[in-house]
Amino acid sequence: MKKLALLCMLLPLFAAAQTYPSKPVKIIVPAQPGGGLDLVGRTIAEQMSRALGQSFFVENSAGGGGSIAAMATARAAPDGYTLMVGYVGTHGTNPAVRRLNYDAVNDFTPISMVGGTPNILVVIPGVPVADLQSFIDYAKQNPDKLNYGTGGIGLLNHLALEQFRAVAGIEQVTYGHYRGIGPAFKDMLGGQIQVLMPGLAAALPHLRNAKVKPLAITGLKRHPLVPEVPTFEELGFKGFDGVQWYGIVGPARLPGEVTQRLNAEINKAITSPALQQRLASEALTAMPMSPQEFGAFIRSEIARYSALAKARNIRLDD
């Protein structure tokens, strides 16, 4: 009887999958407008609207390091009409460093990876430093003159700064934690904070306008959009190879037909030369994966940052 009841519950979902999408689809972006998350959400919404002949629209939901958006997605009906930009914060670093009201693996259906971008350490032009070493020296000698910003507690741009502080020996800092990297940049341009380590995709417009000064970038080789910026690796800091990655997830138990259709269309879009060029211009490298590969990637990222947090003794609930 239980199996029959379950089948009766699932049959409408299977039937709906055959005509999906028959109404507008919401993509929740766990940040305020501006920054890499919003860029990815709106890019995918635009591509899917065109490919599937139905409206895909973005709903920005900031707060809690992405947990508010994640919980709203996890609790949504598993019918494909509520999706989310799941990224390294919601499905990588946050599960590694804090207790959450959602399970980053079991409460979601991984649909498709979109792409990734390195993180870059930037300061405002008024900070009197020329390179990474002079910044370290200045930060140690003038802790009261620097305010550090993040897009939220426990996100990669926060964890990466903590990792850097630990290896550089910068002990005393003042943090400002924001509801997304967009608001953090707003205050940085206003002079309230002086130091950020955002994804390159979010930093690029401000780098092009010379509003911020780059000091070092993550990854094992220099990025073609900012070839003048050295990597942490070449400056002697090992282990700074994390990627600010972005993908699309849905609630758990999403019908396989819906998952596969979305995955196929997203992969088709991000591997097209036109969109790859557009993503590359925004410092995003396409990373097409199957739903199974994306799920395995998420699990590996949680393990990676759990090990880092343990090694650095970073725990945000304590």
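The values are calculated or read from the model by the stated rules, or taken from the named source; none is laboratory data. Keep in mind that this is a model prediction, so the values were computed, not measured. Ideal geometry is used to build each Cβ from the backbone, glycine not excepted, and the neighbour counts take in all protein chains shown. Protein only, heavy atoms only, side chains kept; ligands, DNA and RNA dropped before computing areas. Shrake-Rupley method; radii C 1.70, N 1.55, O 1.52, S 1.80 Å.
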(message) Looking at the stretch 43-55, can you tell me whether even one residue there is modelled with pLDDT of 95 or more and more than 18 Å from LYS23 (Cα to Cα)?
(response) yes
(message) Residues to consider are LEU37, LEU52; find the one that is closer than 20 Å to ALA269 by Cβ, within 21 Å of the chain's Cα centre (by Cα) and not acidic (Asp, Glu).
(response) LEU37
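Looking at the stretch 269-283 only, could you name the residues that are of a type outside the set (A, V, I, L, M, F, W, C) and surrounded by 15 or more Cβ atoms within 10 Å (Cβ to Cβ)?
Selection gives GLN276, GLU282.
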(request) Could you identify the single residue in ILE217, ILE314 that is within 18 Å of GLY36 (Cα to Cα), in contact (Cβ under 8 Å) with a residue 60 or more places away in the chain and either among the β-branched types (Val, Ile, Thr) or touching an Asp or Glu at 6+ places or on another chain (Cβ under 7 Å) (or both)? (result) ILE217
(request) Take the stretch 166-208 and flag every residue that is open to solvent by 20 Å² or more (accessible area, probe 1.4 Å) and among the aromatic types (Phe, Trp, Tyr). (result) TYR175, TYR178
(request) Six or more apart or on different chains, Cβ under 9 Å: which pairs go from a residue in the stretch 123-141 that's without any contact (Cβ under 8 Å) to a residue 24 or more places away in the chain to one that's part of a helix (DSSP H, G or I)? Could you list them? (result) PRO128/SER134; PRO128/TYR138; TYR138/LYS145
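Quick grid of which residues meet (1) within 15 Å of VAL229 (Cβ to Cβ); (2) free of Cβ contacts under 8 Å to residues at least 60 places away in the same chain; (3) hydrophobic (A, V, I, L, M, F, W, C):
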residue	(1), (2), (3)
LEU159	no, no, yes
VAL173	no, yes, yes
GLY176	no, yes, no
ARG179	no, no, no
ALA184	no, yes, yes
MET188	no, no, yes
ALA203	yes, no, yes
ASN209	no, yes, no
(request) Considering (1) in contact with a Ser or Thr (Cβ under 7 Å, 6 or more places away or on another chain); (2) within 30 Å of VAL167 (Cβ to Cβ); (3) open to solvent by 10 Å² or more (accessible area, probe 1.4 Å), say which one ALA286 fails and leave the rest. (result) (2)
(request) Hey, can you tell me all the residues within the stretch 219-232 that are modelled with pLDDT of 95 or more, open to solvent by 10 Å² or more (accessible area, probe 1.4 Å) and closer than 20 Å to ALA168 by Cα? (result) PRO230
(message) Are there helices (runs of 4 or more DSSP H) fully within the stretch 24-122 with at least 2 residues that are of a type outside the set (Val, Ile, Thr) and open to solvent by 20 Å² or more (accessible area, probe 1.4 Å)? List them.
(response) 36-52, 67-74
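Considering only the stretch 139-147, I want to know if a residue exists there that is in contact with a Pro (Cβ under 7 Å, 6 or more places away or on another chain) and either closer than 19 Å to PRO198 by Cα or not polar (S, T, N, Q) (or both). It would help to see each step written out before you state the result.
First, pick out the residues of the stretch 139-147 that are in contact with a Pro (Cβ under 7 Å, 6 or more places away or on another chain): none.
The answer is no, given that none of the residues of the stretch 139-147 is in contact with a Pro (Cβ under 7 Å, 6 or more places away or on another chain) and either closer than 19 Å to PRO198 by Cα or not polar (S, T, N, Q) (or both).
Quick check: is even one residue across the stretch 259-271 under 22 Å from the mean Cα position of the chain (by Cα), under 24 Å from GLN54 (Cα atoms) and in a strand (DSSP E or B)?
No, the stretch 259-271 contains no residue that is under 22 Å from the mean Cα position of the chain (by Cα), under 24 Å from GLN54 (Cα atoms) and in a strand (DSSP E or B).
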(request) Test SER306 against the criterion of being surrounded by fewer than 13 Cβ atoms within 10 Å (Cβ to Cβ) and in a helix (DSSP H, G or I), and give yes or no. (result) no
(message) If I ask for residues that are open to solvent by 10 Å² or more (accessible area, probe 1.4 Å) and among the hydrophobic types (A, V, I, L, M, F, W, C), which ones from the stretch 241-268 would you list?
(response) VAL243, ALA252, LEU254, ALA264
(message) Suppose we filter the stretch 283-303 for residues that are over 17 Å from ALA45 (Cα atoms) and within 16 Å of the chain's Cα centre (by Cα); how many remain?
(response) 11
(request) Could you run through the stretch 21-44 and say how many residues are among the charged types (D, E, K, R) and in contact (Cβ under 8 Å) with a residue 60 or more places away in the chain? (result) 1
